[in-house]
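K.L.:
If you scroll down you'll find the structure; I have some questions about it.
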């Protein structure tokens, strides 16, 4: 078996372009949460030297001068198109591993000549472009790490290789690895690259030639596995899947500063509700809850406080969690304080049912049925159809800013695209 | 006074089905009525005349006193239009039609259409295309080997568009949904 990884080119921008023809062939950038900085750039925007993470306020002049189109992130759209992307991939393979919102690993058989199935890779690309409207690149290799390297090469050599690179051929690997800086190999960060430098390891070829025990000494077992994978030895533990979630956080900047306790309580409840929903989705309960709120560092005497509580019995019930965060907000709110951000952390997550029972605390026996109904309604009729009243209704100035968001074209009936 | 009586009539009417064996499963209680309910001594029957007219009563379930439904072993999931329209396909999207450009093809203003991106458009198909930077709904036809996008409304003068490289056919219209009471 061999692996291939398919990534979507400039995903957020490409997604916007599917439903907004006016964004085609012009520079486009998509902004992060709260419209802070550029997190996706079209090829045209990259050519104007706009970097990943450039803050919006520094880009104002460039945007005006070149007529760059701006969009807030439309996660409803991106999640839906990612779902469709993976549906198409599933038609070609028995295994799709979703690696991130814009890339997935796919298992494909090796051809009888020992090479990767490049023809199928091209078919997957064409099918995704036709079905979902998204441009992609594919890297193939005997291991996930090699497919990832191949994918990076496919990006860099799109014009030459038509977006598909296969690294099954050992000789080709040797030639390419000699030119490939070690810092650009998947999983080698700046710190690790600096550590490898004095050992004379500068290219991917040097890295692949490292004896496995040395790799383990220099890095960790993770580096050893990477070196093995680069040599075509598949490591089962070398899975891109994150370990089961141990903690989750929902922390967001306010769209506008918050100065009163009711607003802060409501904003905190919204984050708490979302955090509880996230862990319910994974079948987990939290044993520890932390809530914090603070002001801007750039102003004098910003308020800053946090509270934590042990949840007993462990919970993912928004009624329990929001009751706690509301009390916490009342306790930590400073009169006259100007708050710019708050958040909720749920920690020490354990699978539902496996959590240690508390001798004295009794969980609400009706909760499972109620929460199943709550999640069922919200998944069928849209997020926040049913929620805890403390979370409030409608948009608030404290909500994360998404002022340039495109419509939820594929997930909300009121916003579907219009044809004349 | 009149509205008061009407409200009361409504309550009585709403209460009558309690005797019927049809179970009603949903309960919708407003915050205000919740508070009133809390004040009522619900352990005892309350004469309808004593209930405040501002309180709207709803039936939340049928008492299990009658015959069990003879249909209970034969129930199936209710009909799911999303399934009929095959909205769960990766390449199926939903558009709203605005205007009467396709009225003679049976597509009206405000219709909802299901569009397949993954279907190869051939002459005769009704398609969603991008013309002058906007989405239009037109029929794809071939005249002397040249593909055209044509509106289907003889009363209005819609100019046909040659479907050349500058025109992108976004998807093929497969199904339509109309609200006849609108």
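Coordinate-derived values only; no laboratory data. Just so it is clear, the structure is predicted and the values come from calculations on it, not from any experiment. Cβ placement follows ideal geometry from the backbone for every residue including glycine, while neighbour counts extend to all protein chains displayed.
K.L.:
Evaluate 2.2 N^0.38 Å with N set to the residue count of the stretch A:1-78, then give the Cα radius of gyration divided by it.
P.N.:
Working: Rg = 13.3 Å, N = 78, 2.2 N^0.38 = 11.5 Å.
Ratio of Rg to 2.2 N^0.38 Å for the stretch A:1-78: 1.15.
K.L.:
Hey, another quick one. Would you calculate the separation in nanometres between label points at residue A:386 and residue A:100, each defined as 7 Å from the Cα along the Cα-to-beta-carbon direction?
P.N.:
Modelled inter-label distance: 3.7 nm.
K.L.:
Ok, one more. Per the Kirkwood formula on distinct C-alpha pairs, the Rh of the stretch A:129-217 is how many angstrom?
P.N.:
Across the stretch A:129-217, the inverse of the average 1/r is 14.0 Å.
K.L.:
Sticking with this structure for a sec: Describe numerically, in nm with one decimal, the distance between label points set 7 Å from Cα along Cα→Cβ at residue B:82 and at residue A:191.
P.N.:
Result: 4.4 nm between the two label points.
K.L.:
Using 0.36 nm per residue, how much length does the chain from residue A:111 to residue A:130 gain when fully extended, once their Cα-Cα distance is taken away?
P.N.:
On the way: separation 19, 0.36 × 19 = 6.84 nm, distance 2.59 nm.
Roughly 4.2 nm would be gained on extension.
K.L.:
Output the Cα-based Rg and Dmax of the protein assembly as shown in Å, rounding Rg to one decimal and Dmax to a whole number.
P.N.:
Spelled out, the Cα radius of gyration and Dmax of the protein assembly as shown are 29.6, 94 Å.
K.L.:
Taking 0.36 nm per residue of separation and subtracting the Cα-Cα distance, what length does fully extending residue A:206 through residue A:9 add? Intermediate values should be presented prior to the final figure.
P.N.:
Values: separation 197, 0.36 × 197 = 70.92 nm, distance 2.94 nm.
Length difference between fully extended and current span is 68.0 nm.
K.L.:
Now a separate question. P(r) for the stretch B:92-182, please, calculated from all Cα pair distances in 5 Å bins and given in %.
P.N.:
Bins of 5 Å from zero give 3, 15, 26, 26, 19, 8, 2, 1, 0 percent of pairs.
K.L.:
Which order do A:111, A:59, A:199, A:89 fall in if you start with the one that has the fewest other Cβ atoms within 10 Å? Please list the in-between numbers first.
P.N.:
Details: A:111 15, A:59 20, A:199 12, A:89 23.
Ranking A:111, A:59, A:199, A:89 by Cβ neighbours within 10 Å, fewest first, gives A:199, A:111, A:59, A:89.
K.L.:
Could you give log10 I(q)/I(0) at q = 0.15, 0.18, 0.21, 0.27 Å⁻¹ for the stretch A:174-222, computed by the Debye formula over C-alpha point scatterers of equal weight, without solvent?
P.N.:
For the requested q values the scattering log ratios are -0.33, -0.48, -0.67, -1.10.
K.L.:
Can you give the average number of partner chain beta-carbon atoms within 10 Å of each beta-carbon in peptide A:119-130, as a whole number? Working shown, then result.
P.N.:
Numbers: counts 0, 0, 0, 0, 0, 0, 0, 0, 3, 3, 1, 6.
Taking the mean over all residues of the peptide, I get 1.
K.L.:
Is the C-alpha gyration tensor of the stretch A:294-417 telling us rounded, prolate or oblate? Criteria: a/c under 1.5 is rounded; beyond that, a/b larger than b/c is prolate, otherwise oblate.
P.N.:
On the way: a/c = 2.40, a/b = 1.06, b/c = 2.27.
In terms of gyration-tensor shape, oblate.
K.L.:
Report, largest value first, the span of the C-alpha coordinates of the stretch B:130-179 along each principal axis, in whole Å.
P.N.:
Principal extents (largest minus smallest coordinate, Cα): 37, 26, 21 Å.
K.L.:
Quote the FRET efficiency, to the nearest 0.05, computed for residue B:143 versus residue A:90 with a Förster distance R0 of 35 Å and r equal to the Cβ-Cβ distance.
P.N.:
Values: r = 41 Å, r/R0 = 1.16.
The calculated FRET efficiency here is 0.30.
K.L.:
Another one. Please work out the C-alpha center-to-center distance from the stretch A:86-108 to the stretch A:149-215 and express it in whole Å.
P.N.:
Result: 23 Å between the Cα centres.
K.L.:
Do you know the relative contact order of chain A, to the nearest whole percent, from alpha carbon pairs under 8 angstrom that are 6+ apart? Mind showing how you got there, number by number?
P.N.:
Working: 719 pairs, mean separation 66.2, N = 420.
Rounded, it is 16 percent for chain A.
K.L.:
For residue A:245 and residue B:154, what is the calculated FRET efficiency with R₀ set at 41 Å and r taken between the beta-carbons, to the nearest 0.05? Walk me through the numbers on the way to the answer.
P.N.:
Numbers: r = 61 Å, r/R0 = 1.49.
Taking R0 as 41 Å, the efficiency between residue A:245 and residue B:154 is 0.10.
K.L.:
Given the stretch A:266-352, report the % of alpha carbon pairs whose separation exceeds 15 Å. Could the numbers behind the result be given before it?
P.N.:
Details: 2046 of 3741 pairs.
Of the Cα pairs, 55 percent sit more than 15 Å apart.
K.L.:
Follow-up. Per residue, how big is the convex hull around the C-alpha atoms of the stretch B:65-139? Give it to me in cubic angstrom, could you? Mind showing how you got there, number by number?
P.N.:
Numbers: hull volume 14.0 nm³, N = 75.
So the per-residue hull volume is 186 Å³.
K.L.:
Another one. Rounded to two decimals, what is the ratio between the C-alpha radius of gyration of the stretch A:15-148 and 2.2 N^0.38 Å?
P.N.:
Working: Rg = 17.4 Å, N = 134, 2.2 N^0.38 = 14.1 Å.
After normalising by residue count via 2.2 N^0.38 Å, the value is 1.23.
K.L.:
Within 10 Å of each Cβ in peptide B:127-134, how many partner chain Cβ atoms are there on average? Round it to a whole number, please. Spell out each step's value before the answer.
P.N.:
Values: counts 1, 2, 1, 4, 2, 1, 5, 6.
Partner Cβ neighbours, averaged per residue: 3.
K.L.:
Run the simple label-point estimate for residue A:64 and residue A:46 please: 7 Å along Cα→C-beta, distance reported in nm.
P.N.:
Distance between the two pseudo-spin positions: 2.8 nm.
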